[in-house]
Structures are given as C-alpha cells and as structure tokens.
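**Q** If you scroll down you'll find the structure; I have some questions about it.
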Amino acid sequence: MVILVSAATWGIVDNKDALDGNKNKHLWPAYYPAKDLKGGRNTAALDSNHTHFILVDNGTCGKYGADIELRAALEKYIADEKFISDKQVGDMEDKHCERVPVVLVVVEGGPNTLKTVYESTEKNMPAVIVEGSGRAADIIAYAYKKTKPTDGSDSNISKDVDREDIRRRIVRAFKLRINDETQKTVEEYIDWVESCISRRNLITVFRIQDADHRDIDGTILYALLKARSGSVQTQLNLALAWNRADISRQEIFAPERRMEWQTLYNPQNSPEEASVMTVELVKVQIALRKQRMMWPTKDQWNRYLLPLVGSLLTRLMGDEYPLNYSSDIFVVDPSGPRTQHEHHEDKSLSRERDEFKFEYAEKELFLWAVLMNRREMSRLFWQWGSSHIGGALVAGKLLRALSKIAAAEEELELSQDLRNHSMEYQLLGRDVLTECYNRDKKKSQLLVVRELPHWGHTTCMSIADSASQMEFMDHSLSK
C-alpha cells in the first residue's frame, strides 16, 4: 500500500466533529461519511485519496494556513533524514546512506500556496510548478519566465521582478480589493514570489498543455537533479530507478559537473563499491546508446545518405508526400570521383551522377536546416524559396513529428524545443496568409486549396489538417 499523508488546518475541515469520535469515546478509525458533509463557506472536505492526515489546530475557525509552517518543517525533517539503501547488483550487495528525496508539486492554489512554496524553497526543497493550472501556480511560473537570465541559463542570478506587473496579476487572480490593509498583504505576497524565483535551481515549470510530451514523473526527477538534491550517487540511483537516462545525461553527467561524477570512479573505493558504481554507469551508457544500434554504418551513410533522408521525410510527412531521392542518381559511387578516362568509358551514368543539379536548391537546403533544427538557417532558406505558406506548414509538420519521436525516446528537452520550433513555423504560415488575405481575399482563397508542386502536389489545407495545425486552421479564411 502507498502511504499518502495530508496536512490540513483543523479549523477548515468540513464536518470535523465526526473526527472527534462517537460521543467522546475516541473510536479509531473515525467514521467520515461523504453524505454528512455540509459544504459550508471556508470549509473543505478531507481528500479520500490520502491514507493519513495531520490536522493542525491553532484555535482559528474558517481560516486556512495553520498547517504551512508545520508542513515545511516536517518536509525538511524528512529530507534531512538518511536511510540505508540495500541494492543487489549481481552477487554483491551495496549498502550506503541516502537522503529522502522531497519535491513540492504546485497545482493552482491561493495565497497560502505562495507561502508554502516560499517556506519550501527557504529550506532548499525543489518545487514543480504546474503552469496552466491557475492562480498561484501561474503567477510563480510567469514570474519565473519573466526573470530568466539573458544568457538563457537557470542560474540564480536573474532579472529583477517587475513588482507592479506581479501585483496586478495577484490582485486579479485572488480577486482582492486594494485598501491600506490588503496593500501590505499584497506586498508580502510579492516578496514571497520574489524569494521563490531568486532560487531558480529549485523551481521547475511544467506546462500542463505539454503533458503529452513532458510527463510529470520525468519533471519531478528533473527538479530533484536540477536542485542537486543529495550526492551524485543518490541522483544516479534516482535516474536509474526512474529509467531516465536522458535526464541523467543532462543533469548528472554534464561537463560542468565533471569533478562531481568522476568521484564515482574514486580508486580509493573498495573493489565492491567501485564495481557497483561501474555497473550503474554502464547501465546509463547502455540506455543512452541503445537507440543508435540500428543506425546504418558509416559507409552506408556515405553512400545512401540522400535516399535515407528521403525515406525519413516520407515517414515524417506520411503517404501524401512522395519519396524523394529514390533514384540511383542519388546513390554515391563508393569508388569515389572518376577520372577523365573513366568518364569516357561510362558516360551515361557518370554524367548523370556527377552533373546532377537540384532544380530548387533552396528547398533542399531548407529541408536540411529544418531536419537539423537550425532555426536561423531554415528561416533564411524559407525566405529565399517560394510557396512560403506551404513551406511553413511542411516545416511545422516535420518538426512536430520529430518532437513526438524525441518524446518517445525520452529526450524531453529536445522534444520541447522541436515543438516550439514547429509552432513558430505554424504561426509564420498563418501570418503570411493574413497578409495575403488583407491584400486580396479572392486570390488568398486559391492559395490554401491550390496544389503545391514543390511539396508533393498536396494543398496547404491538406497539410495543416493532417498535422492538426490548429493555429493555421483557426484562420478565418481556412474556415
């Protein structure tokens, strides 16, 4: 059975009298039927998904928050506790002390949630903020993103908080009326938010809209590793338990942490300890490289590169897109460039291969840049080419398909980056269509239904529909 403990304020528990026992006999366990709940103002029922409850009574009634400091202190106590880990690796048993991993997951919430996150981060406990769940969670996620350092890093040196901006969001989210009394309260809320995001290594934002690509389990592990919770050995054990080699590579075996993870190979360790550590490192490396085992050899890549790329494009785009580079003229001769004498002996094939020119070179370069996820370069070739709406939709579909593959391979950061890149092209296609629509509505209607010879003789509407590109489909002309 999984133990799930809840901490709550006694004064807000709905039908709390039922928890006192039957006629002061203090019967255990207490009988708490759902049919007896009254659902009054400033009350809440106990969540039946929990197995145990810690109810904090500070003498108040109908006022939330009495449990916050106790909860934070309890979490800190648990996080500081050490336990003996028994791990069986082969014929050896590895015993060492590990700390209990603790993560705060923030979903929606009111002012007391801001205080809970503040208390937790003050005690160096990481928090996962579920962006999109509303109120407190969205305020913290917004402030976190707005104060991101200019170099894109997650260092604790961040931009200053725009207090006026955060103030407006707090007042709107919590439906507060500003007066002399609430003004001081709001300033305290802003101080809590500012303190939380100043410890950026303890804050991880999970976008609820991307739940299909970045699972919450992986995000919790990412938050633990990002916060550097525990030793490198403990972090590695967590990554192995979660079976997330991709996250361990990013957060444990990062180059800037070389001095830390190299201690796993400390020659002063006992033979048993060194063996266990080596086995665990090998497990991670196998997981990281497992996906590469079916790839072609170097010679095969050199000879059949373009046909393989053509097959990849067809796989990503679907049956509606023709197989590119399928002709023999795209297969590289393994013997290398031919001499002038050899050209005379086999003129037909050599001339066809050696003098082949792409009719639309900018299209091929654009596809290459998209597949390589090169933003600036792909934008350059996109602008250089023709059929800009079709090109943008094709790029959006390719990148979205690549994002799904990256997610399936548990490359979470890459998946999110590809998804964002896909959205950029989807918006570009929509913006071009809007510009055309503003100039000539009738011709713009033809743009979305005419065949695109450069893109498999399909139409813009067909591409957008097959890739569920809703930003483009929501355009008034598409409807």
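Values quoted throughout were computed directly from the atomic coordinates according to the rules given, and no laboratory measurement underlies them. What you are looking at is a predicted structure, and each value in this text was computed from that prediction instead of being measured. Here the Cβ is made from the backbone with ideal geometry for all residues, glycine too, and neighbour counts use every protein chain on show.
**Q** Applying 1/(1 + (r/R0)^6) with R0 = 41 Å to the Cβ-Cβ distance of Asn49 and Glu376, what FRET efficiency is obtained, to the nearest 0.05?
**A** After rounding, the FRET efficiency stands at 0.25.
**Q** Compute for the stretch 417-479: radius of gyration divided by Kirkwood radius, i.e. Rg/Rh, restricted to C-alpha atoms, rounded to two decimals.
**A** 0.97
**Q** Could you compute the FRET efficiency for Val449 and Lys123, with r as their C-beta to C-beta distance and R0 at 51 Å, rounded to 0.05?
**A** After rounding to 0.05, the efficiency reads 0.25.
**Q** For each pair in Lys148/Lys226; Lys76/Lys148; Lys38/Lys63, compute the distance between the two Cα atoms and list the pairs where it is over 24 Å.
**A** Those over the limit are Lys76/Lys148.
**Q** Mind pulling the per residue volume of the convex hull built on the Cα atoms of the stretch 361-474? Å³ is fine.
**A** That works out to 95 Å³ per residue.
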